[in-house]
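Data block below; observations after.
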Amino acid sequence: MPLFWKPYQSDVTQFIDSLKQAKPTLEQEQREGRALLWDKAIDRDQQAQARQARVPQQAYVYQTKAR
């Protein structure tokens, strides 16, 4: 291994590293944003009721039922 060798970093990795250095609170803000939109408590009872209330759909929705 040559003396001047250093591990390769892609342009994207370099950009992300420089972004994190410029704004150290970035990761925490991302976590807060995710918690705001995605991390929700799930009501298992309501979920079970919704599954039971689901009406089965026929194979081709637009076809009227043959009598």
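A few points about this structure:
- FRET efficiency, 1/(1 + (r/R0)^6) with R0 22 Å, evaluated for residue 15 and residue 39 via beta carbons: 0.20
- Looking at the chain, the pairs of alpha carbons with a distance over 20 Å make up 69% of the total.
- Positive-end extreme of charge dipole, the chain - chosen from 24, 3, 61 (charges on Cβ): 61
- A Cβ-based charge dipole, computed about the Cα centre of the chain with Lys and Arg at +1 and Asp and Glu at -1, lands at about 560 debye.
- Loop-located chymotrypsin sites (Phe, Trp or Tyr not before Pro) across the chain with a Cβ neighbour count of 12 or fewer within 10 Å are 4, 5, 8, 38, 60, 62, with loop assigned by DSSP.
- Spatially proximal aspartates and glutamates relative to residue 40 (Cα-Cα < 20 Å; intrachain offsets below 8 disregarded): 27, 29, 32
Values quoted throughout were computed directly from the atomic coordinates according to the rules given, and no laboratory measurement underlies them. Bear in mind the structure is a predicted one, so any value in this text is a computation, not a measurement. All Cβ positions, glycine included, derive from the backbone under ideal geometry; neighbour counts span all protein chains shown.
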